Amino acid sequence: MKIAKTVVLVFVVFALVFSYAPTSFAKDIKMGYVNLGKAFDEYGKTKQADTVLEKKSTEKEKERQKMVDEISKLKDELELLNDKAKQEKQGVIDEKLKKLQEFVNATREELNKQRDEMVKDIVREIDKVIQDYGKQNGYTVILNDRVLVYGEDNLDITQDVIDLLNKNTAGAGTKKN
């Protein structure tokens, strides 16, 4: 009987302590969250990187199209030749097709690598700005919105982060609320 009373008493004490503890701890915690997708999309450097990659992609597409046009011209010429000349011309066409495929693969790989590096650099910058913002503004915790189930709008610091990111970025994106 004594053991049961002791267990009940300990349980009641723990219940009382833990019922008050979260509220006292919560007063000392300053939390916020960031929509990383929005911060990434609205960061001026992201838009600049997209422009650079688009320009390179367009240049590579022009080179690819020249190669395709040359192959098409060779195929048209192929029809006018005798069997021996056709065979030689087909060898030239096959070699050009191989080079075209190699060019397409190398271009895709190069552009993907450049994009991945740009994205990594931008994400690192965003992460640093968030950490600095958190330290300067006394935050205990700043969450990524992807792991957030619910958060009040007043805890969303995304626009503050975007503003800090774009503060020193030439051609920064327009401010959106």
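Rounded to the nearest 20 Debye, what is the dipole magnitude of the stretch 34-93 about its Cα centre when Lys and Arg each give +1 and Asp and Glu each give -1 at the C-beta?
200 debye
Residues of the stretch 81-158: accessible area per residue at 1.4 Å, in Å²?
Numbers: 5780 Å² over 78 residues.
Solvent-accessible surface per residue comes out at 74 Å².
Can you list which of the GluC sites (Glu not before Pro) found in the stretch 68-139 are DSSP loop residues with at most 14 other C-beta atoms within 10 Å?
Working: sites: E70, E77, E79, E88, E95, E102, E109, E110, E117, E125; in loops: E79.
Qualifying residues, ordered by number: E79.
Beyond 19 Å, what percent of the Cα pairs of the stretch 52-177 remain?
Values: 5372 of 7875 pairs.
Roughly 68 percent, once rounded to a whole number.
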Using label points projected 7 Å from each Cα along Cα→Cβ, tell me how many nm separate L155 and A106, to one decimal.
5.2 nm
Go through K62/K120; K66/K113; K38/K113; K47/K75; K60/K128; K56/K99 and tell me which ones have a Cα-Cα distance over 31 Å in this structure.
K47/K75; K60/K128
At 7 Å along Cα-to-Cβ for each site, give me the label-to-label distance between K113 and K98 in nm.
2.3 nm
What is the spin-label model distance, in nm, from Q90 to D76 if the labels are put 7 Å beyond Cα along the C-beta direction?
2.2 nm
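The values are calculated or read from the model by the stated rules, or taken from the named source; none is laboratory data. All values derive from a computational prediction rather than experimental measurement. For neighbour counting, all protein chains shown are included, and Cβ atoms are generated from backbone atoms with ideal geometry for every residue, glycine included. We work out accessible area using only protein heavy atoms, side chains counted, and drop any ligands, DNA or RNA first. Shrake-Rupley method; radii C 1.70, N 1.55, O 1.52, S 1.80 Å.
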